[in-house]
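Okay, structure first, notes after.
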Amino acid sequence: MSTKMALIVRTDLDMGKGKIAAQAAHAAVAATLASLGTSQLDAWLDDGQPKVVLRVPNEEALLTIRAAAEAAGLPTEQVEDAGRTQVSAGTLTCCAVGPGLAAEIDAVTGALSLL
């Protein structure tokens, strides 16, 4: 069975490309570290660490996806910015869903568009 990680980014914050990349990287690292020692992480690493970056229009949509993922039993990690550059400290910028089975992640994130 294939695995993946979904990185979901808010588009209403007008973050630059580099800022988005950094926030998505924070989410991926946090999700990986939180999954240390799990079979999901092992399977995801064996699969080559597949990731997809998706968009949501605002914080409410991001929180809705995260809640749906948690209700489905999927691991999630959210990123709140430190406030050093483009957004205020504490701003929720993105979240990671997974690593986990691709079909289970797709059931929660499948309606979202690629960033």
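Quick rundown of the values:
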| read-out | value |
| --- | --- |
| Extension gain, Ala34 back to Gln49 (0.36 nm per residue minus Cα-Cα distance, nm) | 3.9 nm |
| Potential extension, Asp106-Ala25 segment - 0.36 nm per residue separation minus Cα distance | 27.1 nm |
| In nm, spacing of pseudo-spin labels at Thr85 and Ser113 (7 Å Cα→C-beta vector) | 2.4 nm |
| Accessible area per residue, Å², the chain with all protein chains present, probe 1.4 Å | 52 Å² |
| Relative contact order, percent, the chain [alpha-carbon distance under 8 Å, six or more residues apart] | 43 percent |
| Residue-count net charge about Ala67 - beta-carbon cut-off 13 Å; Lys, Arg +1, Asp, Glu -1 | -2 |
| Loop trypsin sites (Lys or Arg not before Pro), the range 1-106 (other Cβ atoms within 10 Å of the site Cβ: 16 or fewer; DSSP) | Arg84 |
| Mean projected area in nm² (Cα convex hull; one quarter of hull surface) for the range 18-94 | 5.6 nm² |
| Relative contact order, percent, the range 45-110 [alpha-carbon distance under 8 Å, six or more residues apart] | 28 percent |
| Prolate/oblate/rounded label for the range 49-115 (Cα gyration tensor, a/c 1.5) | prolate |
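The values are calculated or read from the model by the stated rules, or taken from the named source; none is laboratory data. All of these numbers come straight from a predicted model, not from anything done at the bench. Reconstructed Cβ throughout: ideal geometry from the backbone, glycine too, with neighbour counts over all protein chains shown. Each accessible area value is taken on the protein alone, full model and side chains, heavy atoms only, with ligands, DNA and RNA left out. Shrake-Rupley method; radii C 1.70, N 1.55, O 1.52, S 1.80 Å.
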